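Novice: Please see the structure below; I have some questions.
The values are calculated or read from the model by the stated rules, or taken from the named source; none is laboratory data. Because the structure is predicted, anything quoted here is derived from the model rather than measured. When we count neighbours, we look across all protein chains shown, and the Cβ atoms used for this are built from the backbone with ideal geometry, even at glycine. Side chains are part of the model used for accessible areas, which takes the heavy atoms of the whole protein and leaves out ligands, DNA and RNA. Shrake-Rupley method; radii C 1.70, N 1.55, O 1.52, S 1.80 Å.
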Amino acid sequence: MRIISGTLGSRIIHPPAKMPYTRPTTDIAKEGLFNVLQNNLEFESLKTLDLFGGTGCISYELASRGVEDLTIVEKDNTMYDFIKKTSQQLNLQNFKIIKSDVFKFIENSDEQYDFIFAGPPYALTNIDDLPKLMFQKNLVKSKGWFILEHTPRNDYKKFTNYKTERNYGTTIFSIFINNV
């Protein structure tokens, strides 16, 4: 796994060999996603939330591109420790790691974010609740983005705030924008 661009570009990250619930976003999909983001968002001013943090690769990429307010939520002990250790090795500032179940975090959160990314396990049975909860709980700021990573078996085109999707084979990023 590598950081694609920015101040930490080309840095190689070595995740743990055994990651029970984690499926890192491929470099090709991540590169495509960040091309879209680069053309639409001002990274330096974003307050971000990375749900189901996994290896932390999305947040490392955001930090490398200038995001200074990053929050990651991860419940697995191994992955939480890995993210914490890696963020320290990369000397990332303003990098908050929360050990929690994502749905509990959402239920109790009273903050808003400019950019939220969720890369849940593909087998998550209540994945369709995520786009609804983001906007019901008012987590996405006005003009903010929520991106959900999922497989082709899920379709969010008729969901409120759906904008578009990017397809990278078995990985799809559905993009939702708060137009309020």
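Novice: Antiparallel DSSP bridges in the chain: what percent, to the nearest 5?
Specialist: The answer is about 40 percent antiparallel.
Novice: Which of the GluC sites (Glu not before Pro) across the range 102-180 are loop residues per DSSP, with 12 or fewer other Cβ within 10 Å?
Specialist: Glu111
Novice: Still on this structure, please answer the following. How much area per residue is accessible in the range 28-96 when the probe is 1.4 Å and only protein heavy atoms are counted (Å²)?
Specialist: Value returned for the range 28-96: 42 Å² of accessible area per residue.
Novice: Determine the share of the range 21-180's accessible area contributed by carbon and sulfur atoms, expressed in whole percent, with a 1.4 angstrom probe.
Specialist: About 45 percent, which is the carbon plus sulfur part of the accessible surface.
Novice: Grab every C-alpha pair in the range 30-71, bin the distances at 5 angstrom width from 0 up to the longest one, and report whole percents.
Specialist: Histogramming the range 30-71 at 5 Å steps yields 6, 24, 34, 28, 8, 0 percent.
Novice: What is the magnitude of the charge dipole of the chain about its Cα centre, with +1 placed on the Cβ of each Lys and Arg, -1 on the Cβ of each Asp and Glu, and no other charges, expressed in debye to the nearest 20?
Specialist: In debye, rounded to 20, the chain gives about 220.
Novice: Let me ask something else. What are the radius of gyration and Dmax of the range 104-180, computed over its Cα atoms and given in Å?
Specialist: 11.9, 35
Novice: Have a look at Leu62, Leu37, Ile4 and report the one farthest towards the positive end of the charge dipole of the chain, computed about the Cα centre with Cβ charges (Lys/Arg +1, Asp/Glu -1).
Specialist: Toward the positive end, the furthest listed residue is Ile4.
Novice: Turning to a different aspect of this structure: Work out how far the C-alpha atoms of the range 50-98 reach from end to end along every principal axis, then list the three figures in whole Å, largest first.
Specialist: 27, 20, 14
Novice: Take the range 57-137, drop everything but the C-alpha atoms, weight them equally and run the Debye formula without solvent; then report log10 I(q)/I(0) at 0.14, 0.21 Å⁻¹ to two decimals.
Specialist: With no solvent term, the Cα-only Debye profile gives -0.50, -1.11.
Novice: Given the options Ile98, Ile58, Ile72, which has the most mean-square fluctuation in a GNM of the chain, springs set between C-alpha atoms less than 10 angstrom apart?
Specialist: Ile98
Novice: Continuing with the same structure: Would you calculate, for the chain, the mean residue ellipticity at 222 nm contributed by helices, counting each DSSP H stretch of 4 or more residues as -39,500 (n - 2.57) and dividing by all residues, to the nearest 500?
Specialist: When only DSSP H runs of four or more count, the value is -7500 deg cm²/dmol.
Novice: Another question, if that's okay. Only loop residues by DSSP count here, and only those with at most 14 other Cβ atoms within 10 Å; note down the chymotrypsin sites (Phe, Trp or Tyr not before Pro) in the range 1-105 that meet that.
Specialist: For chymotrypsin sites (Phe, Trp or Tyr not before Pro) across the range 1-105 that sit outside H, G, I, E and B with at most 14 neighbouring Cβ atoms in 10 Å, the list is empty.
Novice: Given an 8 Å cut-off on Cα distances and at least 6 residues of separation, report the relative contact order of the range 1-133 as a percent.
Specialist: Computed over the range 1-133, the figure is 26 percent.
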